[in-house]
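The values are calculated or read from the model by the stated rules, or taken from the named source; none is laboratory data. Quick caveat: nothing in here was measured; it's all calculated off a predicted structure. Here Cβ is always computed from backbone atoms with ideal geometry, including for glycine, and neighbour counts include all displayed protein chains.
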Amino acid sequence: MIDLPAEISPLRVALVYNEKKEDATQQSADDSTEPPSLSRIGIPADANVAVSTATVQPVTDLYAEWDTRETIQAVRDALAEFHDVTLIEADEYAFDRLRVERPDIVFNIAEGIHGTSRESQIPAMLEFLQIPYTGSDPLTLAMCLDKSRAKEILAYARIPTPQFAVIRDPRDLDAFGQKLPCIVKPLHEGSSKGIFNSSVVRTGSELHRQVRSLLSMYNEPALVEEYLEGHEFTVALLGNDDIVNVLPIVEIKFDSLPRGVNHIYSYEAKWIWDRSDAPLDIFQCPADIPPRLQSDIERLCRDAYTVLRCRDWCRIDVRLDAHDRPHILELNPLPGILPKPEDNSCFPKAARAAGISYDQLIQTVLVFAAKRYNLGGQTISFHSQQHQRCS
């Protein structure tokens with residue numbers, strides 16, 4: 001059984017969000033020109049890949065972290081089942097709207113766009129206005145978006161995380177001592193932004209090429225991280241203090257990816273090869289793993305959740321080393337919550353495996369936050385049935 005809090009009385013809730021924009025640079029199939037070689041987009045030339053126009057179009061991931069209109073509407077509908085909901089877009093007018101509306105609580109899914117602390121902007125405004133909100137505070141959101149700062153805190157707390165270096169200039173690689181292979185990532189991004197098939201580097205020349213490309217593309221430092229060869233999992237956590245539920249663990253099944261590509265959950269895997277109209281069979285939930293490994297992963301994720309001071313919910317990515325020891329890759333305190341099962345969104349997938357519907361998931365996050373602020377009173381409790389099969 002998942003330990004969920006009691007429901008609350010109706011509240012005035014503002015849903016604050018960023019809506020994903022259509023990519024104006026994408027070409028239509030009719031307008032497409034000669035496609036680039038597979039190697040130019042980080043895919044081996046002999047890979048067994050069906051190259052569609054979606055695969056060869058320019059990769060523009062500026063709005064990858066933002067939510068679709070469908071997701072925003074699904075969250076609004078879930079909240080509106082019990083509460084009075086107002087929609088507020090996280091744009092330059094958000095502060096004035098929040099100041100005027102003064103909701104009882106904000107359900108925050110805004111990712112922001114400008115700066116390395118962009119996920120902290122709406123929560124910082126809300127703290128200034130003394131308006132309660134869901135999710136982690138500005139400090140935790142900023143720390144988790146800066147992968148190196150989060151890893152430094154984890155390492156200080158003796159929570160295993162892959163070794164890493166931060167590269168701000170290609171000349172920094174002259175003193176680079178990390179053993180290859182490595183994976184090269186942008187320092188301040190989420191939603192697999194900047195993590196391509198070519199991000200796994202096995203030679204010095206590949207490392208220099210990928211770092212230079214990333215520094216040029218994102219204008220931010222590169223995180224060069226030890227590449228762990230083992231299985232990868234993502235773990236959804238829900239709750240606060242003494243009630244932190246670890247939902248059924250999701251394993252990423254890389255053997256479903258095209259032959260010859262690297263076993264990482266890359267931008268191509270997340271946004272190109274895995275589509276709602278043709279979903280990959282890439283996830284298994286609950287993961288089919290030994291009880292001891294499951295216990296180790298759950299304990300590790302609870303420790304990381306506590307050390308980084310996460311609140312209400314978070315999704316944590318975990319990977320095994322060559323000896324099957326779990327390591328924390330990163331924490332996502334603003335997790336993706338696409339509503340349709342065919343969208344393969346991992347937090348809702350884990351919730352469904354725990355017997356929690358999408359609407360119940362959204363409502364429960366609000367309840368956990370409201371309880372932190374002593375809002376809403378109490379009515380009846382509801383519980384879930386755990387560990388349904390949900391691949």
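For the criterion of being crowded, with 18+ Cβ neighbours inside 10 Å, of a type outside the set (D, E, K, R) and touching a His at 6+ places or on another chain (Cβ under 8 Å), LEU228 passes. Filtering CYS314, CYS310, CYS301 for residues that are touching a strand residue (DSSP E or B) at 6+ places or on another chain (Cβ under 8 Å) and in a loop (DSSP other than H, G, I, E, B) leaves a single hit, CYS310. Hey, among ASP321, ASP317, ASP288, ASP312, which residue is closer than 18 Å to LYS349 by Cα, in contact with a Leu (Cβ under 8 Å, 6 or more places away or on another chain) and surrounded by fewer than 22 Cβ atoms within 10 Å (Cβ to Cβ)? Just a single option satisfies the conditions, and that option is ASP317. Comparison of ALA142, ALA175, ALA155, ALA150 shows that the only residue that is crowded, with 22+ Cβ neighbours inside 10 Å and without any contact (Cβ under 8 Å) to a residue 40 or more places away in the chain is ALA142. Evaluation of ASN374 against the conditions (1) modelled with pLDDT under 95; (2) of a type in the set (S, T, N, Q); (3) within 23 Å of GLN294 (Cα to Cα) shows that the sole unmet condition is (3). Considering region 64-118 alone, what residues qualify as being within 18 Å of LYS193 (Cβ to Cβ), in a helix (DSSP H, G or I) and modelled with pLDDT of 95 or more? Result: THR71, single match. Of all residue pairs spaced 6 or more apart or on separate chains, those with beta-carbon atoms under 9 Å, a first member in region 52-77 that is closer than 15 Å to SER266 by Cα and a second member that is modelled with pLDDT of 85 or more and among the acidic types (Asp, Glu) are GLU65/GLU111; GLU65/GLU119.
When PRO290, PRO279 are checked against the criterion of being closer than 19 Å to LEU338 by Cα and either assigned by TED's automatic domain parsing to the domain that holds ALA369 or within 19 Å of the chain's Cα centre (by Cα) (or both), a single residue qualifies: PRO279. Name the residue that is modelled with the highest pLDDT, counting only residues in region 267-307 that are closer than 19 Å to GLU65 by Cβ and aliphatic (A, V, I, L, M). Taking the candidates together, the pick is ALA269.
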